[in-house]
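Trainee: Shown below is the structure under consideration.
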Amino acid sequence: MSTTTRSTSTRGWQEDAWEMYDLVGEERFLAATLASRMSQARLYVGKVSEDPTEPPEAVDKGPMAEALGAIGPSQSGLAQMVQRLGVNLFVAGEGWLGGVPSTMLPASLRPAFSLDPQAGPEEKETSGTDLQDLSWRVLSISEVSLSGGNDILLRLGPNEEEQIRCSPDNVFLIRVWRPHPRRWWEADSPTRSSLAVLRELVGLTMHISAQVDSRLAGAGLLIVPQSAQRAMSLAQDSGEAVQDDSADHFTEALMEAMLTPINDRANASALVPLVVTVPDEVTGSFNYLTFAKPLDTEARNLRDEAIRRLALGQDAPPELLLGTGGLNHWGAWLIREDVVSTHIEPPLALICDAITTQYLWPVLLDLGMTEDEAHSYVVWYDVSEMVMRPNRSQDAIVLHERGVISDEALRDATGFSEADAPEVTTSPVDEILLRMVEANPALVYKPGVNALREQLTAIAEGAPVDPPPRSTAPPASGIAPTPPSASPSVTAPAVRMPTTAVKGPVGLPVDDRTAPDLTKP
């Protein structure tokens, strides 16, 4: 079986990173949120395009698609693997994608459809193993280790019988890691550079928690003069005075009063003080003592500052933790195109590259392809459904009204397809004519609708157009214009249409400055 492995060792900072992941909720939130967003991408096998700026063309059939289908028979299965790999890359900087033959799996982990229920992990002969027979799972660095010599140890469960010790040649192991800029064979992660901040955040949180517990450690002491509380010196069962003034009884009562509300914060003793009677010479009046330590405001400010540093130091939009910015919900940041291209696509590219170089190409070479043929296929991702582009509908409407963009461009910008286009009932010439008349109603009677249609039709056909003759006909309203030499007895003020020039797709301006004046009879 073809397999590709690289030696790696678990380093101390990776163990610390996983510990911080378990202790700091903000760290877990960032890792889980980005990984879940990554899992929404669609993985596919594609043929490399001749244009390097174009994504690979998807291949749905053939051995290439079957190889990826063996890892995840459905998009939901691939999504689960991408999600866990995303968390491993964010925290420890590396993870493993392992394919184990079903005959090597322990009985408790073997698929329910296994045909040989008696087969056990001791059966390690896997020559000619079918890819469809492999059981794939994502493993962390704590689940894969060297086991002396060249053998590896896979920890697939907490029990010893759920551990597999085998040769690397019997399994597929694909290492996915972020190369360190200084030493490419070592893993790197955004959590690594934030470990100091995470430790500081844990310490501050524990300090504040201890202060809260100190305020819950009972409601303090109420010191009562003995002369005012002589009844408390009587034994409850015998009625005799208590002669034993040992401090042990006081200590026991005090510890019980402090520990009870800590263990059970709903207990009434958290609000009722412990009453202690002392001689009159010790206190002359009722006194109240508290064990609570005032909450340290500075500690809370330091914790807020640590969270801010963590948000700025991680490979994620700071607004996810800080809750600031122009968008009204933190999830809105994850659909912005720049956020997806900056924080989501790089780890997806790492995963696809690892699966391509360590799994897909070796499989295709084993199937008889040449190196050039095999390298023309890659595993790639599609995030087009994850990105919400800016809303350009209003700009598109304005540009369409000005004749700058086409109807198809308008439908595309507003989210409609060509199937939503209306049936064509008018010719393009008539549509242009209507728009020109709407912009300048004076064109109805000068040069007239028919003359204007003839000009537009000729322009559309590429024929030369002569300027129309100057019309002397009266307007359609039947009101004759006043001759220049006439002096009417009643003259209304001249009404002139707005001097606007309409420029349609034909590129010819139409000016109405020659529109006649209208007068009343």
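The values are calculated or read from the model by the stated rules, or taken from the named source; none is laboratory data. Because the structure is predicted, anything quoted here is derived from the model rather than measured. As a convention, Cβ positions derive from the backbone with ideal geometry for all residues, glycine included, and neighbour counts pool all protein chains shown.
Trainee: Would you point out which residue out of His375, His343 is in the same structural domain as Leu89 (by TED's automatic domain parsing) and within 14 Å of Met38 (Cβ to Cβ)? So that I can check it myself, show each step before the final result.
Mentor: Numbers: His375 fails: within 14 Å of Met38 (Cβ to Cβ).
Just a single option satisfies the conditions, and that option is His343.
To keep it simple, each residue is scored yes or no on (1) crowded, with 18+ Cβ neighbours inside 10 Å; (2) among the β-branched types (Val, Ile, Thr).
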site	(1), (2)
Ser145	no, no
Ile152	yes, yes
Glu160	no, no
Ile164	yes, yes
Arg175	yes, no
Arg178	yes, no
Ser189	yes, no
Leu195	no, no
Leu198	yes, no
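Trainee: Let me ask another. Please find, within the range 437-457, the residue that is nearest to Glu401 (Cα to Cα) out of those that are exposed (fewer than 15 other Cβ atoms within 10 Å of the Cβ) and under 56 Å from the mean Cα position of the chain (by Cα).
Mentor: This residue is Glu438.
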